[in-house]
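S.K.: Dropping the structure in here first, questions after.
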Amino acid sequence: MKLLYEVKNADELTVSEIAIILRSWEQQEWDSLTVEEFKKKFSLSEFHLLKDDDSSICCLTHLNFDFKVELKHTVYDICELVGLVSTVKRKGYAKQLLQEVVSNLQNRKIECIGFCGRELRPFYEKCNISILYDQAGYLQEKISNGQIEANPDDDILIIFLSDDKYQLLAGLDDNCIGYLLF
C-alpha cells in the first residue's frame, strides 16, 4: 500500500479530519471544540498527515508556529513538533511520517524541535532523531501572565535545527535556563 503524505493548514482540514485529529490526541479539554474553534486555536499550525489508499489518516502530527524560545536573552522563532500519533499501530507509520516531516522542514529550511518523556526515547532513537537527553527541564514555560512553569518533558528532540541553536540548547543547565514563550 502506498501512503500519501499531505500538509494542510487548519483552514484546509475537513470536518472529518478534525474529528480524527481530536479523537487521536485524546485531550479532553479539546473534545468540545467546534470546527471553527479548532481552526482558530490552530490557525498558526500546520498539519502533517499520512493517508492510506482510501484517504484515511494513518498517522498525524502538527507543527506549532506560535512558539518561541528564549535562550541567553535572545528570542528565537523555532516551530514545535507536537501530537505525533498513529491511528494504526505497529505499522511503522509514525517513523515514516517523521521522516517526511524532517525532509519537508529541511527543504523549507524551517527550524523545529519537539519534546518527549523518557519512555519515548527508544522510538525517536530508532528514527535517528537527535535527542538532548534530560535537557527539557532547563526550558521553563513563560505563560502570558508572567508565571513560570517547569517543562514536564524530559528530552528535547532536534527535528531540524541550525548548529548554533543546537549548541545553545545543548548548553542549557542549572546556570543557563531557557524559556518557552507562549
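S.K.: Restricting the search to segment 153-168, which residues are touching an Asp or Glu at 6+ places or on another chain (Cβ under 7 Å) and not hydrophobic (A, V, I, L, M, F, W, C)? If you could, list the steps in order and put the result at the bottom.
M.R.: Within segment 153-168, the first condition is being touching an Asp or Glu at 6+ places or on another chain (Cβ under 7 Å), and the residues that meet it are 154-155, 160-162, 165.
Result: D154, D155, S162, K165.
S.K.: Let me ask something else about it. What pairs come up if the first residue lies in segment 25-48 and is closer than 11 Å to H62 by Cβ and open to solvent by 90 Å² or more (accessible area, probe 1.4 Å), the second is among the acidic types (D, E) and modelled with pLDDT under 95, and their beta carbons are under 7 Å apart, counting only those six or more places apart or on different chains?
M.R.: L44/D66
S.K.: Name every residue in segment 119-140 that is under 23 Å from K68 (Cα atoms) and charged (D, E, K, R), in order of residue number.
M.R.: D134
S.K.: Has segment 98-118 got any residue that is polar (S, T, N, Q) and assigned to a loop (DSSP other than H, G, I, E, B)?
M.R.: Going through segment 98-118, the residues polar (S, T, N, Q) turn out to be 99, 103-104, 106-107.
Adding the requirement that they be assigned to a loop (DSSP other than H, G, I, E, B) leaves none.
No, there is no match, as no residue in segment 98-118 is polar (S, T, N, Q) and assigned to a loop (DSSP other than H, G, I, E, B).
S.K.: Using beta carbons and a limit of 7 Å, which pairs, at least six apart or on different chains, have the first residue in segment 1-23 and touching a residue at least 24 places away in the same chain (Cβ under 8 Å) and the second one surrounded by 13 or more Cβ atoms within 10 Å (Cβ to Cβ) and β-branched (V, I, T)?
M.R.: As it stands, the answer is E17/I57; I20/I57; I20/T87, since those pairs meet every condition given.
S.K.: I need a count of the residues in segment 58-86 that are of a type in the set (S, T, N, Q) and surrounded by fewer than 19 Cβ atoms within 10 Å (Cβ to Cβ). Give the derivation first.
M.R.: Quick first cut of segment 58-86, residues of a type in the set (S, T, N, Q) only: 61, 64, 74, 86.
Okay, now just the ones that are also surrounded by fewer than 19 Cβ atoms within 10 Å (Cβ to Cβ), so 64, 74.
Number satisfying all stated conditions: 2.
S.K.: Related question: Could you check segment 129-182 and list, in sequence order, the residues that are closer than 14 Å to C112 by Cα, in a loop (DSSP other than H, G, I, E, B) and in contact (Cβ under 8 Å) with a residue 60 or more places away in the chain?
M.R.: Matches in segment 129-182: L161 only.
S.K.: Across segment 151-182, which residue is farthest from Q106 (Cα to Cα) among those that are open to solvent by 60 Å² or more (accessible area, probe 1.4 Å), modelled with pLDDT under 95 and within 18 Å of the chain's Cα centre (by Cα)?
M.R.: For segment 151-182, the residue satisfying everything is P152.
S.K.: Now for a different question. Would you check if S55 is over 21 Å from S162 (Cβ atoms), open to solvent by 50 Å² or more (accessible area, probe 1.4 Å) and touching a residue at least 24 places away in the same chain (Cβ under 8 Å)? Give the derivation first.
M.R.: Values: over 21 Å from S162 (Cβ atoms): yes; open to solvent by 50 Å² or more (accessible area, probe 1.4 Å): yes; touching a residue at least 24 places away in the same chain (Cβ under 8 Å): yes.
The answer is yes for S55.
The values are calculated or read from the model by the stated rules, or taken from the named source; none is laboratory data. Because the structure is predicted, anything quoted here is derived from the model rather than measured. Methodologically, a virtual Cβ is constructed for each residue, glycine included, from the backbone with ideal geometry; neighbour enumeration extends over all protein chains shown. Protein only, heavy atoms only, side chains kept; ligands, DNA and RNA dropped before computing areas. Shrake-Rupley method; radii C 1.70, N 1.55, O 1.52, S 1.80 Å.
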